[in-house]
Structures are given as structure tokens and as C-alpha cells.
Amino acid sequence: MSSILERSLLIPRPRAEVFAFFADACNLERITPAFLHFHILTPAPIPMRSGALIDYELRLYGVRFRWKTLIEEFAPMSHFVDVQLTGPYRRWHHTHTFEDAPGGTRMYDRVVYEMPLGPFGAIAGALFVRRSLDRIFDYRNKTISELVSQ
């Protein structure tokens, strides 16, 4: 069974600037909480485009994971979609959308995810994973807000 996480953030910067920040895969390390021990393994610079592959390493609950992402769609200034090819989830489909808004750019995150291990994964998802994802995305939005106000 899939779960959905949605977030929205008004960023007081022009869309071209905001999109460029998110299109630089290296910035993902800057906006990811330290407790994940997140590192990009793919050598930089990473050309962002449809079909790009990015390898990461992170730790969840003390367990080290490799994560391979495919940039499934890449529409400059509009949106991009990353999907997990290998990693801790049965399914991970993350859409990043950028729109002009009064005062800057509205960024939307929509993640459709599914836990592995059937009913056991669903229980873990409800008890632990959702709270962790909320914490991660709350941290991301706070950090993004701090970065753009510099």
C-alpha cells in the first residue's frame, strides 16, 4: 500500500534561481539532516537531465543503505521527478514542482512511497518511517529557508 507525503514552501527568490539550486544534485547533501549520514557517491558535476543516475549512501536507524536514483523526468524551470531504482523502499516516486508565486517561487514536494516486506513494512512505515520522513522534510524546508535568506 502506498503512502503520500506532500510539502509546499514559498521561497523568496526567482524561479530560475530556485530551480538551479535544486537542479544541482550536490545541494541535496546541504539540505539533508546529519543523522542520515547522507553522501552522494556519483562524481560531481552531475548533469541533471531525464535518464540521469545518481548513487547515494545513507543510514536509516543505524543500517547503511545504498540508494540509486533515476531522474525520470526533467523539465527545466517546471519540475523534475526522481525515482528509487534500488534502496530501502519498495517504491519511491518524488515529484519536485516549481511555480511563480507572489513573493517568489512556490516549491512543491510530492512523494509516493511504499515500504517493503508487506504487512510488516506497513507497520514499520506507520510507526517509524512516516515520522522520520516528516522530520527529514521539515528539516529540508527549514534549511532551504535559511539558505535563501543569506
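The values are calculated or read from the model by the stated rules, or taken from the named source; none is laboratory data. All values reported here derive from a predicted model rather than from experimental measurement. Backbone-built Cβ (ideal geometry, glycine too); neighbour counts: all protein chains shown.
How many residues are among the charged types (D, E, K, R), assigned to a strand (DSSP E or B) and more than 16 Å from residue 9 (Cα to Cα) if we restrict to the range 66-117?
Within the range 66-117, the subset among the charged types (D, E, K, R) is 66, 68, 72-73, 82, 90-91, 99-100, 106, 109-110, 114.
From what's left, assigned to a strand (DSSP E or B): 66, 68, 72-73, 82, 91, 99-100, 106, 109-110, 114.
Imposing the further condition that a residue be more than 16 Å from residue 9 (Cα to Cα) reduces the set to 66, 68, 72-73, 82, 91, 114.
Adding up the residues that qualify gives 7.
Results for (1) over 25 Å from residue 117 (Cβ atoms); (2) of a type in the set (Lys, Arg); (3) more than 13 Å from the chain's Cα centre (by Cα), shown as yes or no for each residue.
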{"residue": "26", "(1), (2), (3)": "yes, no, no"}
{"residue": "35", "(1), (2), (3)": "no, no, yes"}
{"residue": "61", "(1), (2), (3)": "no, no, yes"}
{"residue": "67", "(1), (2), (3)": "no, no, no"}
{"residue": "79", "(1), (2), (3)": "yes, no, no"}
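Please work out which one of (1) at pLDDT below 95; (2) within 23 Å of residue 43 (Cα to Cα); (3) surrounded by 16 or more Cβ atoms within 10 Å (Cβ to Cβ); (4) in contact with a His (Cβ under 9 Å, 6 or more places away or on another chain) is the condition residue 64 fails and give its number.
The failed condition is (3).
Hey, can you tell me all the residues within the range 92-108 that are surrounded by fewer than 17 Cβ atoms within 10 Å (Cβ to Cβ), at negative phi and in contact (Cβ under 8 Å) with a residue 24 or more places away in the chain? So that I can check it myself, show each step before the final result.
Filtering the range 92-108 down to residues surrounded by fewer than 17 Cβ atoms within 10 Å (Cβ to Cβ) leaves 97, 99-103, 108.
Next, from what is left, pick out any that are at negative phi: 97, 99-102, 108.
Once the filter is applied, which keeps residues that are surrounded by fewer than 17 Cβ atoms within 10 Å (Cβ to Cβ), at negative phi and in contact (Cβ under 8 Å) with a residue 24 or more places away in the chain, the range 92-108 yields 99, 100, 101, 108.
Here are some conditions: (1) farther than 18 Å from residue 7 by Cβ; (2) without any contact (Cβ under 8 Å) to a residue 24 or more places away in the chain; (3) crowded, with 16+ Cβ neighbours inside 10 Å. Residue 74 meets all but one. Which one does it not meet?
In the conditions (1) farther than 18 Å from residue 7 by Cβ; (2) without any contact (Cβ under 8 Å) to a residue 24 or more places away in the chain; (3) crowded, with 16+ Cβ neighbours inside 10 Å, residue 74 misses (2) alone.
How many residues does the range 41-78 hold that are touching a helix residue (DSSP H, G or I) at 6+ places or on another chain (Cβ under 9 Å) and closer than 14 Å to residue 23 by Cα?
First, pick out the residues of the range 41-78 that are touching a helix residue (DSSP H, G or I) at 6+ places or on another chain (Cβ under 9 Å): 48, 54, 56, 58-61, 74, 76-78.
With closer than 14 Å to residue 23 by Cα added as a condition, the list becomes 48, 54, 74, 76-78.
The qualifying residues number 6.
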